[in-house]
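Structure, as structure tokens:
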Amino acid sequence: MRQEQRRPSISAFFPAYNDGGTIGSLVVTTIRTLEELTDDYEVIVVENGSTDYTVEVLEELARRFDRFRYYSYREPLGYGGALRAGFAACTKDLIFYTDGDAQYDPRELKLLLPAMEEHVDIVNGWKIDRSDPLHRKIIGRIYHHTVKFLFGFKLRDVDCDFRLIRRHVFDTIDLESDSGTICLELVKKLQDAGYRFAEVPVHHYHRTYGKSQFFNFPRLWRTGIQLLGLWWKLVVRRDHMRRIKIRRKQQELPVEH
């Protein structure tokens, strides 16, 4: 049995915006799950300008749990900004993240971890069934097929924010998006950099508190514009490939003593 399987080093991270009704149970369940898997873990929340009682819940969690910490931003970072801040804050070898709305069960991290074999860099969940209102399912299906065609994605479910990632991949790729399109940027850059994916089926549950900040009709126009801009940068210009090659060469240089 490999050392990583015996004692994985895991950062669990959640972006949170108006998730006061779910973030507490999500964090506690994650801590209990990680305690079963390892003694080398941390749990982080990036609170993103909430107007409900999310901050009060996080304050109480921080008092109760030594391995939990949170970062609170009163000026909203956007979903992409919250993800970038969270990835930067993580210190362990593996990063597990999902959203603070608890539509995924963090206990299913136990399904992702065995798939993180030596040759795998990212374990990506795919939704067994999407538990959303009909209009969101329709929008989600159109979105999925559109981005898969535009960006050449090979994953079964690009829109599943339930992932386990080796932290070292962020030594090679940079993320720039502030919006929900950051997930497309993340997967595209990881794919283009040659990192290897495994995929695992996970459950998706009805939202019990709050409302979606991404798939709603007022944001569709802005999302479409952002999507085209991202496509232009990553598919047409492909400037990120030059940066990836430079980073790879720098990582190959010998360390001077």
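Contact order, relative form, for the chain: 22 percent (alpha carbon pairs under 8 Å, 6 or more residues apart, mean separation divided by residue count). Each Lys and Arg contributes +1 and each Asp and Glu -1, all at the Cβ; summed about the Cα centre of the chain, the dipole is approximately 1020 debye. When each of the peptides 25-31, 238-244 is scored by how many other beta carbons lie within 10 Å of its residues on average, the order from highest to lowest is 25-31, 238-244. Straight Cα distances below 20 angstrom link K92 to the lysines K110, with same-chain residues fewer than 8 positions distant left out.
Here's how it looks for V46: its modeled amide H is under 5 Å from those of F14, A16, Y71, which are all 5 or more places away or on a different chain.
Its DSSP H runs of at least 4 residues, each contributing -39,500 (n - 2.57), put the calculated 222 nm mean residue ellipticity of the chain at -12500 deg cm²/dmol, to the nearest 500. Please report the spacing between the Cα centers of segment 69-99 and segment 6-21 in Å, no decimals. Distance between centres, Cα-based: 9 Å. What the Cβ-Cβ distance of R238 and F149 gives, at R0 = 22 Å and to the nearest 0.05, is a FRET efficiency of 0.80. For F96, the residues 5 or more places off, or on other chains, whose built amide H falls under 5 Å of its own are S11, A12, F13, I165.
The order of the peptides 91-101, 152-162 by mean Cβ neighbours within 10 Å, most packed first, is 91-101, 152-162. Fully extending the segment from A198 to A115, taken as 0.36 nm per residue of separation minus the present Cα-Cα distance, adds 29.2 nm.
Judged by the mean number of other Cβ atoms found within 10 Å, the most tightly packed of the peptides 53-65, 179-191 leads the ranking 179-191, 53-65. The 3J(HN,Hα) values that the Karplus relation (6.51, -1.76, 1.60; θ = phi - 60°) gives for segment 226-238 are, in residue order, 4, 5, 5, x, 5, 4, 4, 6, 8, 9, 8, 6, 6 Hz. Gly and Pro appear as x.
Just so you know, all these numbers are worked out from the coordinates, no wet-lab data involved. No experiment lies behind these values; they were computed from the predicted model shown. Neighbour counts run over all protein chains shown; Cβ positions are idealised from the backbone, glycine included.
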